[in-house]
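Working notes, beginning with the structure itself.
The values are calculated or read from the model by the stated rules, or taken from the named source; none is laboratory data. The structure presented is a predicted model; accordingly, all values stated were derived computationally and were not measured. Cβ atoms come from the backbone with ideal geometry, glycine included; neighbour counts cover every protein chain shown.
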Amino acid sequence: MLAVQADGHEVTTVEALASADGELSIVQQAFRDAHGLQCGFCTPGFVVTLTSFLRDHPEPTDDEIRSALSGNLCRCTGYQGILKAARLAADAGRRP
Ligand code: FES
């Protein structure tokens, strides 16, 4: 989205996802554990998009995850680590 389209809205960046004491969010930890981390351009987008998606869809199918992340592009990888991280985060979020 263009920055002007966010005018008047609250914006959450990747820096806000970890706790104040530095504990990673479920999604951040999943990316770390599943080797889903890529570069500093695409990874924040994947992490923020997935965080928002899982908030609204706590029990997604793999196809729903792929669809949710389809607007985030990385031409450097095959996405397997990212999708594995997304599945891990979705499953971790379901635990009590
Ligand atoms: S690793 Fe980030 S755009 Fe490819």
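Per-structure values
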{"item": "Residue within segment 32-44 that is assigned to a loop (DSSP other than H, G, I, E, B), surrounded by 13 or more Cβ atoms within 10 Å (Cβ to Cβ), among the polar types (S, T, N, Q) and within 12 Å of the ligand (Cβ to nearest atom) present", "result": "yes"}
{"item": "Residues (in contact (Cβ under 8 Å) with a residue 12 or more places away in the chain, assigned to a loop (DSSP other than H, G, I, E, B) and within 13 Å of the chain's Cα centre (by Cα)) located in segment 61-90", "result": "L69, G71, N72, L73"}
{"item": "Any hit, segment 45-52, residues being among the small types (G, A, S) and in a helix (DSSP H, G or I)", "result": "yes"}
{"item": "Residue match in segment 3-16 (condition: touching a Gly at 6+ places or on another chain (Cβ under 7 Å), within 16 Å of the ligand (Cβ to nearest atom) and not hydroxyl-bearing (S, T, Y))", "result": "no"}
{"item": "Set S67, S52: member being surrounded by 11 or more Cβ atoms within 10 Å (Cβ to Cβ), more than 21 Å from L24 (Cβ to Cβ) and either within 16 Å of the ligand (Cβ to nearest atom) or not charged (D, E, K, R) (or both)", "result": "S67"}
{"item": "Hits in segment 60-96 (condition: among the charged types (D, E, K, R) and at pLDDT below 95)", "result": "R75, R94, R95"}
